[in-house]
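The values are calculated or read from the model by the stated rules, or taken from the named source; none is laboratory data. What you see is a predicted model; the values in this text were computed from it and never measured. Here the Cβ positions follow ideal geometry from the backbone for every residue, glycine too, while neighbour counts run over all protein chains shown. The protein model used for the area step is the full one, side chains on, heavy atoms only, and it has no ligands, DNA or RNA in it. Shrake-Rupley method; radii C 1.70, N 1.55, O 1.52, S 1.80 Å.
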Amino acid sequence: LEGHSKDGNGDYYRVYYSDRKNSYDFKDFIKVSDDRDANVKLKINTDKINWKKNGIYKIYYKATDSSGNVTKTWVKARIIVTGAPEKAADEILSSIIKTSWSDKKKAIAIFDFVKDNISYSGWSKKDDWRYAGHRTLNNLSGDCYGYYSISRLLLVRAGIPCVEIERYPIPGGQDHHWNLVYVKGGWYHFDTTPRRRDARFCLLTDSQMNHYSTGYTFRFNKNLYPARATKQICKTPKPISQCH
């Protein structure tokens, strides 16, 4: 019985909303396997969650095989009592995606919305991504953290797991933030921050990001984050040397 709840940087990608508590099965990122038994029973206990209070809570899992052998584990999840950020996100999502769409199609629609409607500014307050994303949406502008935050607010509210990636090392104090998004069974890069060369970093693998720039642009500590997918599902941007 194996479960995950956050990346190595302490960022929780299990996010559940209070107004949707009855729609979750809590099996995301849980793997149950047995060497001999294909019918392992899984019991999930969410009694420790207080759906009326924002916070980090434990979800408990118990796997039992046909011989009565038991394995237990737990994961942590972030519970969010929905408020103004989610209301604003829902209004946008209702006009740009459909619930019947795949997560990949939803993510692409969110990427296009952010790229088309948010303008770049040189600074933003770097607090919780919910509030930073809400401010970015209200102002229709933000720096890379604002772009990351509004993207995450829309993605997670659309039911797509997402975590923050930070550039590392940081040359000359020039930090950068973007998203790692879970679609089609894998984690992909998702960076809506505009660039003069208008490159498109939507659901890309590590190799695709490196194809664009082998310098510091997208360097990060790979050991801190979930393993990225290697299968390409979106077009690779032209490398810097070929952009004009």
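Please enumerate the residues belonging to the stretch 35-45 that are open to solvent by 60 Å² or more (accessible area, probe 1.4 Å) and over 15 Å from Gly3 (Cα atoms).
Once the filter is applied, which keeps residues that are open to solvent by 60 Å² or more (accessible area, probe 1.4 Å) and over 15 Å from Gly3 (Cα atoms), the stretch 35-45 yields Asp35, Arg36, Ala38, Asn39, Lys41.
Restricting attention to the stretch 1-49, and to residues there that are more than 23 Å from the chain's Cα centre (by Cα) and among the polar types (S, T, N, Q), which single residue is modelled with the highest pLDDT?
In this case the residue turns out to be Asn45.
Looking at the stretch 53-105, which of its residues are among the hydroxyl-bearing types (Ser, Thr, Tyr) and either open to solvent by 60 Å² or more (accessible area, probe 1.4 Å) or under 22 Å from the mean Cα position of the chain (by Cα) (or both)? Write out each step before concluding.
Initially, the stretch 53-105 is screened for residues among the hydroxyl-bearing types (Ser, Thr, Tyr), giving 57, 60-61, 64, 66-67, 71, 73, 82, 94-95, 99-100, 102.
Within the stretch 53-105, Tyr57, Tyr60, Ser66, Ser67, Thr71, Thr82, Ser94, Ser95, Thr99, Ser100, Ser102 qualify.
What is the residue count in the stretch 2-14 for residues that are crowded, with 17+ Cβ neighbours inside 10 Å and part of a strand (DSSP E or B)?
Matching residues across the stretch 2-14 total 2.
Determine, yes or no, whether Asp206 is modelled with pLDDT of 95 or more and open to solvent by 10 Å² or more (accessible area, probe 1.4 Å).
Yes; evaluated as a whole, the condition is true for this residue.
Conditions tested, residue by residue: (1) open to solvent by 10 Å² or more (accessible area, probe 1.4 Å); (2) under 28 Å from Ala77 (Cα atoms); (3) in contact with an Asp or Glu (Cβ under 7 Å, 6 or more places away or on another chain).
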site: Arg135; (1), (2), (3): yes, yes, no
site: Ile150; (1), (2), (3): no, yes, no
site: Leu180; (1), (2), (3): no, yes, no
site: Phe190; (1), (2), (3): no, yes, no
site: Leu224; (1), (2), (3): yes, yes, yes
site: Arg228; (1), (2), (3): yes, yes, yes
site: Lys235; (1), (2), (3): yes, no, no
